[in-house]
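Report on the following structure.
The values are calculated or read from the model by the stated rules, or taken from the named source; none is laboratory data. Everything numeric in this text was worked out from a predicted model, so none of it was measured. With ideal geometry, Cβ positions are generated from the backbone for all residues, glycine too; neighbour counts draw on all protein chains shown. When the accessible area is computed, the model is the full protein with side chains, heavy atoms only, and any ligands, DNA or RNA have been set aside. Shrake-Rupley method; radii C 1.70, N 1.55, O 1.52, S 1.80 Å.
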Amino acid sequence: MNFDESMYRLFRREVYRLAYRHLGDHSASEDVVQDSFVRLAQYRSGTVANLGGMLRTIAHNLIVDQTRFHKRRAEEALPDGTDIPAEAPSQEQVLLQRERMQQVSEILAGLPEQRRQVFMMRRLHGMSAKEVGAALAISPAAVDTHVARAVLALHRGMAELDGRQTQ
């Protein structure tokens, strides 16, 4: 579409005000003005009866696009160091977890002393099999065997408790 500078002067201020009212940013509003006129120029001559109306429609669509883009971008990226508050667990969840911990403690208390000690050192204190073996004068392979049997006992004990609770 061919249009002259007088048309640009006639509609530029109106499109800028529309964009600034919605975006509140000078440079973003200027971008909307420029993009609106570029898109209007892509129409064939004589196909648009109301140039002002078409220009406002194009500008409005660009404003909506920019608003969506900035909203989506704000949702995706948070500034570094931003702490997001975690949802606090409900009282019911806290009670259930306490009960579960109590059950685990009871199962562990039922293990043979050395197996419980190996499990605690390895899994809770994060010691290596070699470190645990050296501290308790047993081989690393024995440490791994004790840990595997302790985990198996925990699984069985929890399954048994879960089975009783569902009945």
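Things worth noting here:
- Potential extension, Arg100-Arg149 segment - 0.36 nm per residue separation minus Cα distance: 15.7 nm
- Among [x] -0.66, -1.08, -1.30; [y] -0.80, -1.02, -1.09; [z] -0.75, -1.16, -1.33, the entry derived from the coordinates for log10 I(q)/I(0) by the Debye sum over Cα atoms at q = 0.13, 0.17, 0.19 Å⁻¹: [y]
- Counted charge near Leu161, where neighbours are those whose Cβ lies closer than 14 Å (Asp, Glu -1; Lys, Arg +1): -1
- Once the chain from Arg156 to Ala135 is taken as fully extended at 0.36 nm per residue, the excess over their C-alpha distance is 4.7 nm.
- Surface share of carbon and sulfur [accessible, 1.4 angstrom probe, percent] for the chain: 51 percent
- Summed over the residues of the chain and divided among them, the accessible surface reaches 73 Å² per residue at a probe radius of 1.4 Å.
- Stretchable slack from Glu5 to Gln114, in nm (0.36 nm times residue separation minus alpha-carbon distance): 30.2 nm
- Within the shell defined by Cβ-Cβ distances under 10 Å, the residues around Ile58 carry a net charge of +1, with Lys and Arg each +1 and Asp and Glu each -1.
- Virtual spin-label span in nm between Gln91 and Asp31, 7 Å along Cα→Cβ: 5.0 nm
- Radius 14 Å from Cβ of Val32, net charge of other residues (Lys, Arg +1; Asp, Glu -1): +1
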